[in-house]
1. Among the numbered criteria (1) over 30 Å from residue 180 (Cβ atoms); (2) in contact (Cβ under 8 Å) with a residue 24 or more places away in the chain; (3) not hydrophobic (A, V, I, L, M, F, W, C), which single criterion is violated by residue 149?
2. Quick one: would you say residue 153 is under 29 Å from residue 97 (Cβ atoms) and among the hydrophobic types (A, V, I, L, M, F, W, C)?
3. Can you list the strands (runs of 3 or more DSSP E) lying wholly within the range 1-76 that have 3 or more residues being open to solvent by less than 40 Å² (accessible area, probe 1.4 Å)?
4. Go through (1) open to solvent by 10 Å² or more (accessible area, probe 1.4 Å); (2) touching a residue at least 24 places away in the same chain (Cβ under 8 Å); (3) in a helix (DSSP H, G or I); (4) among the hydrophobic types (A, V, I, L, M, F, W, C) and name the single condition residue 137 misses.
5. Output yes when any residue across the range 190-209 is part of a loop (DSSP other than H, G, I, E, B) and among the hydrophobic types (A, V, I, L, M, F, W, C), and no when none is.
6. Take the conditions free of Cβ contacts under 8 Å to residues at least 12 places away in the same chain, over 20 Å from residue 151 (Cα atoms) and of a type in the set (D, E, K, R) and apply them to residue 27. Does it pass?
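The values are calculated or read from the model by the stated rules, or taken from the named source; none is laboratory data. Being a predicted model, the structure only gives us computed values, none of them experimental. Glycine gets a Cβ as well: all are built from the backbone with ideal geometry, and neighbour counts include every protein chain shown. Surface areas here come from the heavy atoms of the whole protein model, side chains and all, with no ligands, DNA or RNA. Shrake-Rupley method; radii C 1.70, N 1.55, O 1.52, S 1.80 Å.
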Amino acid sequence: MKVILFGATGMVGQGCLRECLLDASVESVLAVGRSPTGKRHAKLREILHDNFLDYSAIETELTGFDACFFCLGVSSIGMSEERYRHLTYDITLAAAKTLARLNPGMVFIYVTGQGTDSSERGPLMWARVKGKTENDLCKLPFKAAYMFRPAGIQPLHGIRSKTAWVQAIYVGSAPLLTLLNRIAPKYMTTTERVGRAMIKVAQNGYPRPVLESEDINRV
Ligand SMILES: NC(=O)c1ccc[n+]([C@@H]2O[C@H](COP(=O)([O-])OP(=O)(O)OC[C@H]3O[C@@H](n4cnc5c(N)ncnc54)[C@H](OP(=O)(O)O)[C@@H]3O)[C@@H](O)[C@H]2O)c1
């Protein structure tokens, strides 16, 4: 399987990259991002890109992929709706539309979050924006599109969040998160499980397009 990965420098993306590099069924990974991962591996190639609404300059590099794991995303905290929509909806759909056109056989997996509002009309701004993003991704002509909606994600194997306050929470509550992972699979998963589940779902599919934490842990 040839994988293209967005957000490889983030907490979820680092986990996904780790699992892809370890998994023999993943032949290669192309990481597209605005900053380097700092990793070197025979299977990994990187493109540093600066305009996440326009991929025309690198389109020739974006063909021939079986799966896209889209882990690029931001927290909505302290952000206007307009800015959050730009970083969430506009960037994701711009990349996905390009990839669907160039790779009709591609499986697209989007990391969204628990509580995403598929109605697009609920009271929570972030949930509405993520809901519209999910809904419109599902309309694109991919082989299949899956929405991963984890709740809490425990970073493992030295992986760090790019968001300082998220990282501080995860460090401070590490023992509690380990316990929650054992007793509350509905609400917790790990970077390793998310990455493993992405690979398996891209290869084998899943009965539903939306995977909650429990599904991610079960795959
Ligand atoms: N962390 C969690 O516990 C959790 C739980 C549920 C859902 N999620 C969802 O998972 C997704 C990823 O979260 P995360 O925790 O991995 O976030 P993160 O650690 O903050 O990483 C964010 C990633 O997105 C990239 N990015 C952010 N803004 C960008 C922009 N304007 N242009 C290009 N790249 C940009 C970052 O690249 P740079 O390295 O260049 O900044 C980084 O690779 C988000 O959608 C989040 O809602 C996370």
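1. (1)
2. On the way: under 29 Å from residue 97 (Cβ atoms): yes; among the hydrophobic types (A, V, I, L, M, F, W, C): yes.
Yes, satisfied.
3. By residue number, 2-6, 28-33, 67-70.
4. Residue 137 satisfies all of (1) open to solvent by 10 Å² or more (accessible area, probe 1.4 Å); (2) touching a residue at least 24 places away in the same chain (Cβ under 8 Å); (3) in a helix (DSSP H, G or I); (4) among the hydrophobic types (A, V, I, L, M, F, W, C) except (1).
5. Of the range 190-209, the ones part of a loop (DSSP other than H, G, I, E, B) are 205-209.
Still in the running and among the hydrophobic types (A, V, I, L, M, F, W, C): none.
For the range 190-209, residues part of a loop (DSSP other than H, G, I, E, B) and among the hydrophobic types (A, V, I, L, M, F, W, C): absent.
6. Working: free of Cβ contacts under 8 Å to residues at least 12 places away in the same chain: no; over 20 Å from residue 151 (Cα atoms): yes; of a type in the set (D, E, K, R): yes.
So residue 27 does not fit the description; no.
For every residue, the table says whether it meets (1) of a type in the set (Val, Ile, Thr); (2) touching a Phe, Trp or Tyr at 6+ places or on another chain (Cβ under 8 Å).
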| residue | (1), (2) |
| --- | --- |
| 38 | no, no |
| 42 | no, no |
| 46 | no, no |
| 58 | yes, no |
| 62 | no, yes |
| 66 | no, no |
| 96 | no, yes |
